[in-house]
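Engineer: Input: one structure, supplied below.
Throughout, read-outs are computed from the coordinates displayed, never taken from laboratory work. Just so you know, these numbers come straight off a predicted model, no measurement behind them. Methodologically, a virtual Cβ is constructed for each residue, glycine included, from the backbone with ideal geometry; neighbour enumeration extends over all protein chains shown.
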Amino acid sequence: MILRARQHTSGFSLMEMVVVVMIIGILAAIAAPRLFTTAGQAADGAARQSLAVIRNAIDTFVAQHAGKLPGADGNAATFTSDLAPQLRGANFPKCSVGAAKNNAINMVSGSGPVAANIGSTDGSQSWMYNYSTGDFNINSADMSSDKTTTYDQF
């Protein structure tokens, strides 16, 4: 019986390549949705943080000015200048969610909730402020990344 030396070839067989590609595909299918929801959650977190900072600035202004609300004249420029010392920045914070994604404020008045006015100017103004009650919200009824809460409910 004659023994032949087995020829050794370098590289991968077709079957090995198919297995590797399948494993990479499965890992991508698992990881991709998590990456996309993480981006949405980050934007929601930034919006919540901006809201908390602005609401705290409103509360601080009210405490320092004997109950007077900032922007009581209904002018957005007055509102932002009233809060400038509390916000410690040259620019009013931008909203990271909704259609406009800017720092423009829709000023409304009245004793009712702000919710009735939400979305009326969401393409041009990201924030909604009721200068009669001090309520401050995101001016968007779009769904957040959790798919159960709208931005105006933050």
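Engineer: For the chain, set up a Gaussian network in which alpha carbons nearer than 10 Å are linked by springs, and say which option among Ala104, Ala52, Ala116 fluctuates the most.
Structural biologist: Ala116
Engineer: Here is a further query. Name the residues whose placed amide hydrogens come within less than 5 Å of the amide hydrogen of Val108, ignoring near sequence neighbours (fewer than 5 apart) on the same chain.
Structural biologist: Tyr129, Asn130, Tyr131
Engineer: Tell me which lysines have Cα within less than 21 Å of Lys147's Cα, excluding those fewer than 8 residues away on the same chain?
Structural biologist: List returned: Lys101.
Engineer: Further question: In segment 1-93, what chymotrypsin sites (Phe, Trp or Tyr not before Pro) fall in a loop by DSSP, with at most 12 other Cβ atoms inside 10 Å? Walk me through the numbers on the way to the answer.
Structural biologist: Values: sites: Phe12, Phe36, Phe61, Phe79; in loops: Phe12.
Loop-located and lightly packed - Phe12.
Engineer: Hey, another quick one. First measure r as the distance between the Cβ atoms of Ser81 and Thr148, then evaluate 1/(1 + (r/R0)^6) with R0 = 35 Å and state the FRET efficiency to the nearest 0.05. Working shown, then result.
Structural biologist: Details: r = 37 Å, r/R0 = 1.05.
Calculated value: 0.40.
Engineer: Now a separate question. Output ³J(HN,Hα) for segment 59-74: one whole-Hz value per residue in order, computed from phi by the Karplus curve 6.51 cos²θ - 1.76 cosθ + 1.60 with θ = phi - 60°, and x for Gly and Pro.
Structural biologist: Couplings: 4, 5, 4, 4, 5, 7, 10, 6, x, 6, 7, x, x, 5, 7, x Hz.
Engineer: Rounded to whole Å and ordered largest first, report the semi-axes of the equivalent ellipsoid of segment 83-151 derived from its Cα gyration tensor (root of 5λ). Show your work: numbers first, answer last.
Structural biologist: Working: eigenvalues 74, 56, 22 Å².
Semi-axes (√(5λ), whole Å): 19, 17, 11.
Engineer: Within the chain, what is the longest stretch that has no trypsin sites (Lys or Arg not before Pro) placed in a DSSP loop and near at most 11 other beta-carbon atoms within 10 Å?
Structural biologist: Values: sites that count: Arg4, Arg6, Lys68, Arg88, Lys147.
Counting at most 11 other Cβ atoms within 10 Å as exposed, the longest clean stretch of the chain is 7-67.
Engineer: Over all directions, how big on average is the projection of the convex hull of the alpha-carbon atoms in segment 15-154, in square nanometres?
Structural biologist: Numbers: hull surface 42.6 nm².
Its Cα hull, projected and averaged over all orientations, spans 10.7 nm².
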